[in-house]
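> Okay, handing you the structure first.
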Amino acid sequence: MFFSFKNFLKGSLFIVSILLLILISSGISYYVIDITQQKNNLMDIEEYSPKSTLVVEKNLKSRSKFPFIDVHSHQWDMSYSNLKKLVSEMDSLNMAYMINLSGSGIATFSGNQTLMDLNLEKSISNVNDNFPDRFGVFLNIDFNMIDHEDFPTKTVEIIKDAVSKGAIGLKVYKGLGLSVKDSKGIRVKVDDSRLSPIWNICGELKIPVLIHSGEPSPFFDPIDKYNERWLHARQKPNSFRPPEKYPSFNTVMDEQYNMFKNHPNTTFINAHMGWMANDLDKLGRHLDSLPNVYTEIGAVIGELGRQPRRARKFFIDYQDRVMFGKDTYKKSEFDVYFRVLETSDEYFDYYRKRHGLWKMYGLNLPDEVLKKLYYKNALKLFPTIDKNLFE
């Protein structure tokens, strides 16, 4: 027994020695590689941040030219947060009104509709008790219960009740069409007929449905050197949608189009310009064929700022159909939106490298187009907003 243990001990020490040798060798290798990279001026694309020597006009914008409505914002803690600081920031941006699409707050991720409804009620109460003229709140629905016998009637009642308490719209998250499945494990399509009662009641109540379907098209493409969102895949790999797990981009977009077309009496807001900001001709055809659909610019200013002439024409041609949206709320990022929309500036930076390695250019939109984008189009969809905020 002693002899066996001794041999075991020797063997273990040998293995540990080998592992230490490997670790030391690896450390030396990485050190040598690092020194070599520095010597040869090699660096990662995430590190490369050149300062342009181009001398061009700069018109920095920390405040919008006209008061605006942000129709696409997320305030996950609105049910309990102190809104005073947020309103102060809104004032500094010239944001007259914010629509919180996440009325159910973090309860959205609980899968518990009762908890979601409670958070919605508290969010609306918080707004009404403090700043009733500055915020609108959307309700959210749990689609995972789609196979329950009472899903249609119960969901319709939930929507009616939310609207009676002050909700001004329905927000549909991107899980529908991508990850939501029924009890048989089958993906729920965006145009699933079982959801028709939801869209119909929103039409009857005259509340818009803001829906985020799919993702940017490069998120469905192979992650290789040809994908212009490769850096996004590196930093946020879970954002991408490999074909073995998800439907194609075109499949989801076609389903969404069918849903819009099949419910002409319901007003839809196709979020993020329907992920067609990189193909404005297609988006134009989309809007031409769907008079019940509006869109907004949340999270796609980077696409618009790299094609200023084409984007400017689009905003003029479809000036009655596009609204201002930001998506993720961060005060320091609004200036890029204002600069792209309002100035003729050239070759300036976007605020997030993984969204695109290109530069931005200003669209210099006409004042009347800006007013429609900033607030007039939204006022048509949300008549309860105080118009005096924009005088």
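> May I ask you to list the residues in segment 300-324 that are touching a helix residue (DSSP H, G or I) at 6+ places or on another chain (Cβ under 7 Å) and not in a helix (DSSP H, G or I)?
V300, Y318, Q319, D320, R321, V322, M323, F324, listed by residue number.
> Just need a number here: residues in segment 177-198 that are hydrophobic (A, V, I, L, M, F, W, C) and either touching an Asp or Glu at 6+ places or on another chain (Cβ under 7 Å) or within 19 Å of V71 (Cβ to Cβ) (or both).
From segment 177-198, those hydrophobic (A, V, I, L, M, F, W, C) are 178, 180, 186, 188, 190, 195, 198; that's our starting set.
From what is left, the residues that are either touching an Asp or Glu at 6+ places or on another chain (Cβ under 7 Å) or within 19 Å of V71 (Cβ to Cβ) (or both) are 188, 190.
Qualifying residue count, segment 177-198: 2.
> Restricting to segment 243-284, count the residues that are within 15 Å of L304 (Cα to Cα) and out of contact with any helix residue (DSSP H, G or I) (no Cβ under 8 Å at 6 or more places or on another chain). Please lay out each step first, then the result.
The initial filter retains those residues of segment 243-284 that are within 15 Å of L304 (Cα to Cα), namely 271-284.
Okay, now just the ones that are also out of contact with any helix residue (DSSP H, G or I) (no Cβ under 8 Å at 6 or more places or on another chain), so 271-272, 279, 281-282.
Number satisfying all stated conditions: 5.
> Now for a different question. Taking segment 352-384 on its own, how many of its residues are within 13 Å of E303 (Cα to Cα) and surrounded by fewer than 21 Cβ atoms within 10 Å (Cβ to Cβ)?
Qualifying residue count, segment 352-384: 8.
> Just checking, which of D191, D161, D224 is assigned by TED's automatic domain parsing to the domain that holds N292, in a loop (DSSP other than H, G, I, E, B) and surrounded by 14 or more Cβ atoms within 10 Å (Cβ to Cβ)?
On the way: D161 fails: in a loop (DSSP other than H, G, I, E, B); D224 fails: surrounded by 14 or more Cβ atoms within 10 Å (Cβ to Cβ).
Answer to the selection: D191.
> Sticking with this structure for a sec: Among the residues of segment 220-239, write down those that are touching a helix residue (DSSP H, G or I) at 6+ places or on another chain (Cβ under 6 Å) and either free of Cβ contacts under 8 Å to residues at least 24 places away in the same chain or of a type in the set (K, R) (or both).
Result: I223, N227, R229.
> What's the number of the only condition in (1) more than 25 Å from the chain's Cα centre (by Cα); (2) buried (at least 17 other Cβ atoms within 10 Å of the Cβ); (3) assigned to a loop (DSSP other than H, G, I, E, B) that P152 fails to meet?
(3)
> Output yes when any residue across segment 64-77 is in contact with an Asp or Glu (Cβ under 6 Å, 6 or more places away or on another chain), under 30 Å from V340 (Cβ atoms) and either part of a loop (DSSP other than H, G, I, E, B) or modelled with pLDDT under 90 (or both), and no when none is. Write out each step before concluding.
Kept after step one, since they are in contact with an Asp or Glu (Cβ under 6 Å, 6 or more places away or on another chain), are these residues of segment 64-77: 65, 71-72.
Narrowing the set further to residues that are under 30 Å from V340 (Cβ atoms) leaves 65, 71-72.
Add one more test, that the residue is either part of a loop (DSSP other than H, G, I, E, B) or modelled with pLDDT under 90 (or both), and what stays is 65.
Yes, segment 64-77 contains at least one residue that is in contact with an Asp or Glu (Cβ under 6 Å, 6 or more places away or on another chain), under 30 Å from V340 (Cβ atoms) and either part of a loop (DSSP other than H, G, I, E, B) or modelled with pLDDT under 90 (or both).
> Answer yes if at least one residue in segment 51-63 is modelled with pLDDT of 70 or more, in a strand (DSSP E or B) and within 27 Å of K353 (Cβ to Cβ), and no otherwise.
Step one: of segment 51-63, the residues modelled with pLDDT of 70 or more are 51-63.
Remaining after also requiring in a strand (DSSP E or B): none.
No.
> Identify all residues within segment 86-124 that are of a type in the set (V, I, T) and assigned to a helix (DSSP H, G or I); write none if there are none.
First pass over segment 86-124, keeping only residues of a type in the set (V, I, T): 87, 99, 106, 108, 114, 124.
V87, I106, T108, T114, I124 - these are the residues of segment 86-124 that are of a type in the set (V, I, T) and assigned to a helix (DSSP H, G or I).
> Regarding L101, is this residue among the hydrophobic types (A, V, I, L, M, F, W, C), in the same structural domain as F268 (by TED's automatic domain parsing) and farther than 20 Å from L379 by Cβ?
Against the criterion (among the hydrophobic types (A, V, I, L, M, F, W, C), in the same structural domain as F268 (by TED's automatic domain parsing) and farther than 20 Å from L379 by Cβ), L101 does not qualify.
> With the checklist (1) within 24 Å of L210 (Cβ to Cβ); (2) at pLDDT 95 or above; (3) not in a helix (DSSP H, G or I) in hand, flag the one item Y351 doesn't pass.
(2)
> Could you please find all residues in segment 255-299 being of a type in the set (G, A, S), outside any loop (DSSP other than H, G, I, E, B) and either without any contact (Cβ under 8 Å) to a residue 12 or more places away in the chain or in contact with a strand residue (DSSP E or B) (Cβ under 8 Å, 6 or more places away or on another chain) (or both)? Outline the logic, then answer.
Kept after step one, since they are of a type in the set (G, A, S), are these residues of segment 255-299: 271, 274, 277, 284, 289, 298-299.
Still in the list and also outside any loop (DSSP other than H, G, I, E, B): 271, 274, 284, 289.
Those that are of a type in the set (G, A, S), outside any loop (DSSP other than H, G, I, E, B) and either without any contact (Cβ under 8 Å) to a residue 12 or more places away in the chain or in contact with a strand residue (DSSP E or B) (Cβ under 8 Å, 6 or more places away or on another chain) (or both): A271, G274.
> Looking at segment 109-126 only, could you name the residues that are surrounded by fewer than 23 Cβ atoms within 10 Å (Cβ to Cβ) and under 24 Å from G298 (Cα atoms)? Working first, answer last.
Taking segment 109-126 and keeping what is surrounded by fewer than 23 Cβ atoms within 10 Å (Cβ to Cβ), we get 109-115, 117-118, 121-122, 125-126.
Of everything in segment 109-126, just one residue is surrounded by fewer than 23 Cβ atoms within 10 Å (Cβ to Cβ) and under 24 Å from G298 (Cα atoms), namely F109.
The values are calculated or read from the model by the stated rules, or taken from the named source; none is laboratory data. Since the structure is predicted, the reported quantities are computational estimates derived from the model, not experimental observations. For neighbour counting, all protein chains shown are included, and Cβ atoms are generated from backbone atoms with ideal geometry for every residue, glycine included.
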